[in-house]
Amino acid sequence: MSHFSSKLNKIAKKTDKYLKSFFSKQEGNSYLVKVMKYGVFSGGKRFRSAIVVNTGKIFKINYKDLIMVGAAIECIHSYSLIHDDLPSMDNDDLRRGKLSTHKKFNEFTAILAGNSLLTLAFEILSSNDLKLSKKIKTELIKKLSNYSGHSGLAGGQYSDLTFEKKKISKKNVIEMQKKKTGKLFGFCCESIGIIKGINIPKRKRLKNIGVNIGLLFQIIDDLIDYKGDSAIVGKPTKRDKKKGKATLINLLGYKKTLLFAQNLKKKIDQQIKKYGIQAKDLLDSVEFIIDRKF
């Protein structure tokens with residue numbers, strides 16, 4: 001997977017380069033820009049951006065457009081992490097080995113910086129830099145709004161917090177994780193269908209692949225929290241159990257959850273292989289998820 005890691009690193013650098021360029025055009029007198037940059041340039045692998053690029057390769061979408069769409073998604077992701085770490089939510093002091101945004105600055109500043117990253121995503125998608133039709137941009141903004149809000153990421157985070165220390169069914173745990181993590185990955189894949197202008201059923205197939213990728217990503221995250229080394233992860237591990245989080249591990253146990261993840265990966269691979277040789281990098285992306293250290 002070293003060759004894939006090199007590709008992943010290249011996409012991350014391109015995404016960061018675009019984001020830095022976009023930030024340079026922001027109002028210079030806003031203190032929040034400094035905080036936003038701290039949150040968004042936090043050492044992440046830009047994996048969501050990679051899913052956009054690797055799905056886009058299947059349909060031969062312009063690379064620069066893919067990077068910009070990926071950058072918008074990374075802003076949404078970074079906003080969600082800033083808020084996720086807040087004392088009122090998961091109360092984490094560290095993120096990727098450095099202080100969480102609210103610990104580096106303060107709580108209200110972190111909230112406002114997160115809000116600003118959320119809106120920045122839509123500024124990127126509506127900008128003149130993105131050489132797509134107004135119709136396509138509008139559809140991208142509409143879908144990303146939907147998948148980020150109460151019926152997607154935010155709704156999933158609400159369930160994640162309200163499910164703590166409660167007995168939740170397997171079906172509801174999976175639904176919560178699909179909203180919290182899967183929907184944004186769903187957009188990563190469906191955005192390509194929107195740009196390409198393919199029909200709704202084919203777009204839904206792409207979205208479903210992304211949602212399943214996101215679910216797998218979240219389950220592996222949970223496995224890492226259960227067995228991972230905090231020095232490698234960059235934040236304390238074994239916190240899900242202490243908090244009584246509704247995860248498949250806490251419900252089914254480690255071995256059954258690992259088996260569930262392996263079977264889910266097989267299902268995703270089957271879905272992706274239908275797109276032929278052009279989907280190799282997307283297949284490698286899924287392999288990368290399950291190979292993460294835990």
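A few comments on the model shown:
- Failed criterion for Asn106 (all others in (1) under 23 Å from Gly193 (Cα atoms); (2) out of contact with any helix residue (DSSP H, G or I) (no Cβ under 6 Å at 6 or more places or on another chain) hold): (1)
- Residues being without any contact (Cβ under 8 Å) to a residue 60 or more places away in the chain and either on the phi > 0 side of the Ramachandran plot or of a type in the set (A, V, I, L, M) (or both) - total across the range 199-220: 4
- Residue within the range 260-277 that is of a type in the set (Lys, Arg) and within 23 Å of Lys45 (Cβ to Cβ) present: yes
- Members of the range 233-279 that are in contact with an Asp or Glu (Cβ under 8 Å, 6 or more places away or on another chain) and small (Gly, Ala, Ser): Gly244, Ala246
- The single condition from (1) surrounded by fewer than 22 Cβ atoms within 10 Å (Cβ to Cβ); (2) touching a residue at least 12 places away in the same chain (Cβ under 8 Å); (3) charged (D, E, K, R) that Lys10 fails is (2).
- Candidates Ile198, Ile168, filtered to the one that is closer than 22 Å to Met68 by Cα and surrounded by fewer than 23 Cβ atoms within 10 Å (Cβ to Cβ): Ile198
- For the range 1-44, residues that are more than 17 Å from Ile73 (Cα to Cα) and outside any helix (DSSP H, G or I) total 8.
- The residues on offer are Ile67, Ile58, and the sole one that is free of Cβ contacts under 8 Å to residues at least 60 places away in the same chain and buried (at least 17 other Cβ atoms within 10 Å of the Cβ) is Ile67.
- Of everything in the range 11-58 that is of a type in the set (D, E, K, R) and in contact with an Asp or Glu (Cβ under 7 Å, 6 or more places away or on another chain), the residue that is farthest from Ile289 (Cα to Cα) is Lys57.
- Test result for Ser78, buried (at least 23 other Cβ atoms within 10 Å of the Cβ), within 27 Å of Phe108 (Cα to Cα), polar (S, T, N, Q) and in contact with a Ser or Thr (Cβ under 8 Å, 6 or more places away or on another chain): yes
- Inspection of the range 234-245 identifies no residue that is closer than 19 Å to Gly56 by Cβ, in contact (Cβ under 8 Å) with a residue 12 or more places away in the chain and surrounded by fewer than 20 Cβ atoms within 10 Å (Cβ to Cβ).
- In the range 183-198, of all residues being assigned to a helix (DSSP H, G or I) and among the small types (Gly, Ala, Ser), the one that is nearest to Ala72 (Cα to Cα) corresponds to Ser191.
No lab work stands behind these numbers, since they all come straight from the coordinates. In this text, all values refer to a predicted model and were calculated from it rather than measured experimentally. Counting neighbours? That spans all protein chains shown, and the Cβs are built from the backbone with ideal geometry, glycine included.
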